[in-house]
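K.L.:
For reference, the structure I am asking about is given below.
The values are calculated or read from the model by the stated rules, or taken from the named source; none is laboratory data. Since the structure is predicted, the reported quantities are computational estimates derived from the model, not experimental observations. Glycine also receives a Cβ, built like all others from the backbone with ideal geometry; neighbour counts cover every protein chain displayed. Note: accessible area is taken over every heavy atom of the protein model, side chains too, but ligands, DNA and RNA are not part of it. Shrake-Rupley method; radii C 1.70, N 1.55, O 1.52, S 1.80 Å.
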Amino acid sequence: STRLFFAVPRGESVTDLAQGSSFTEKQMSSYAQVATSPIVLDSVAQRLGLGVSAQELEGSIRASVPINTVILEITVVDEDPDQAALIANAVGAELSTVVGTLYPERSDGAQAVLATTLSPAEAAEEPSSPNVRLNLTLGLLVGLALGVGVAVLRGTLDTKIRSGKDLEQFAETPLLGSIVFDPEAANLPVVMHEAPRSQRAESIRRLRTNLQFVDNAGGLRSILVTSSIPAEGKTTTVLNLAVALADAGARVVLIDADLRRPSLAEVTGLEGAAGLTSVLIGQASVGDVVQNWSGSVDVLTSGPVPPNPSELLGSPAMAELLAQLEREYDLVLLDSPPLLPVTDAVVLSKRADGTLVVVGTDRIHKGDVRAALDALEAVDAHVLGLVLNKVGPRELGGYTHAYE
């Protein structure tokens, strides 16, 4: 950059000086435009042998006037610092000459307006752009802002349940257990038998312990285990919970009350041709169809799939069957269909002493769980709590490491 001071030659009185100064100040914006006009730049390009036109050279030159001054600052940007300084000084010198020709000469032959160089341009030691430090700072700030924005947006739009904290945001129902995710769960459904020392097995034991605290008065004789939608893991949860309760000394009977898509017979390897439906329609007695499995766990499979599952589960025969089994066993566990697709689980929740709702973190959304809990609340069902299934090890904290 170079700076030029513009003035009218000294007058003979104070009035002349004031008028000259006022005149010059009013003309400064015009001088700035003259500095980037072809009348100046053509001569500069030709004198320096730049090989460019005035229009091309104008793009690298800026002329500005600080407010309320008669100083013109000419700034030139070029890839070569020496070239930038050379062009700036050449523009300043040519402008001084041109401005002197724009007005008639004074009576004494002097120029009407004089331009004096205050500070000639010098080659810069550091480039003006890119400003690496500034760019890095701005990049960091923009990156942080974008990161926070994306996180907030994701938290707002993502309604999936991934942890117990997500449940606490909208559900007042207590969380009774969190079962760690096991990629081998499909191959090892009964983890209490096949991997009793695994993290998943220990999660089941913690659920059993929490249930015992809920039933501190000993009045809990039947528990319905359900979920909001299919494939959340309710069947494997109730199956392993039955084994855990039996290991603690309880006499347990497990009923496959999913009369639409029964699965306990297949998972346990037991006979499924006769079972719950056979008892409810009077074709068999309980003693004829209950099968022992896993020592102290008895299983009542679903039997033939009926055309009217909800009616059978809500019938007096189902109430009588539950009352009989509650007298014969310490605990009756019922595996039911999910709550949202059908009404079977809602009907059964009125028969059982309490209901557990399994929440699978790999597929369920907050709205689904809220709707399921609302359906149970509508019939005044006793909801014992929630069981968070398929939870990542990090969500369980620092107690998921093996302990032997």
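K.L.:
Do any GluC sites (Glu not before Pro) in the range 13-91 lie in a DSSP loop with no more than 15 other beta carbon atoms within 10 Å, and if so, which?
P.N.:
Filter output for the range 13-91: GLU79.
K.L.:
Give the long-range amide H neighbours of ALA284: residues separated by 5 or more places, or on another chain, with amide H under 5 Å away, using H modelled in the peptide plane at 1.01 Å from N.
P.N.:
Counting only residues 5 or more places away or on other chains, the set is VAL279.
K.L.:
Using DSSP to define loop residues, name the GluC sites (Glu not before Pro) in the range 163-214 whose beta-carbon has at most 12 other beta-carbon atoms within 10 Å.
P.N.:
Filter output for the range 163-214: GLU172, GLU184.
K.L.:
While we're on this one: Taking the mean number of other Cβ atoms within 10 Å as a proxy for protection, how do you rank 44-54, 345-355 from highest to lowest?
P.N.:
Per-residue Cβ counts within 10 Å, averaged per peptide and sorted highest first, yield 345-355, 44-54.
K.L.:
With just the Cα atoms defining each centre, how far is the range 292-341 from the range 119-184? Give it in Å.
P.N.:
50 Å
K.L.:
Using a/c under 1.5 as the rounded threshold, could you call the range 248-404 rounded, prolate or oblate? The axes a ≥ b ≥ c are square roots of the C-alpha gyration tensor eigenvalues, and prolate needs a/b larger than b/c, oblate otherwise.
P.N.:
Oblate is the answer for the range 248-404, as a/c is 1.5 or above yet b/c matches or exceeds a/b.
K.L.:
Angle between the Cα long axis of helix 81-101 and the longest principal axis of the chain, 0 to 90 degrees, nearest 10?
P.N.:
It is inclined by approximately 50 degrees.
K.L.:
Can you give the charge dipole size of the chain about its Cα centre, rounded to the nearest 20 debye, using +1 on the beta carbon of Lys and Arg and -1 on the beta carbon of Asp and Glu?
P.N.:
680 debye
K.L.:
Could you work out how much longer the chain between ARG370 and VAL305 gets when fully extended? Use 0.36 nm per residue separation minus the Cα distance between them, nm to one decimal.
P.N.:
20.4 nm
K.L.:
From the square roots a ≥ b ≥ c of the eigenvalues of the alpha-carbon gyration tensor of the range 244-315, which class results: rounded (a/c under 1.5), prolate (a/b over b/c), or oblate?
P.N.:
Judged from the Cα gyration tensor, the range 244-315 comes out prolate (a/c at least 1.5, a/b above b/c).
K.L.:
Give me the lysines in straight-line cross-link reach of LYS165: C-alpha distance below 19 Å, same-chain residues under 8 apart excluded.
P.N.:
LYS366, LYS390
K.L.:
Continuing with this model, one more query. Expressed as a whole percentage, what fraction of the accessible surface of the chain belongs to carbon and sulfur atoms when a 1.4 Å probe is rolled over the protein heavy atoms?
P.N.:
Using a 1.4 Å probe with all protein chains present, the chain comes out at 53 percent carbon and sulfur.
K.L.:
Now for a different question. Test of understanding: given the chain, find the longest segment containing no chymotrypsin sites (Phe, Trp or Tyr not before Pro) that are in a DSSP loop and have at most 16 other Cβ atoms within 10 Å.
P.N.:
Looking at the chain, 171-402 is the longest stretch - no exposed chymotrypsin sites (Phe, Trp or Tyr not before Pro) with at most 16 other Cβ atoms within 10 Å.
K.L.:
Any idea how far the Cα center of the range 187-248 sits from the one of the range 63-85, in Å?
P.N.:
Using only Cα atoms to place each centre, the spacing works out to 80 Å.
K.L.:
Name the trypsin sites (Lys or Arg not before Pro) in the range 166-228 that are in a loop by DSSP and that have at most 13 other C-beta atoms within 10 Å, would you?
P.N.:
Loop-located and lightly packed - ARG197.
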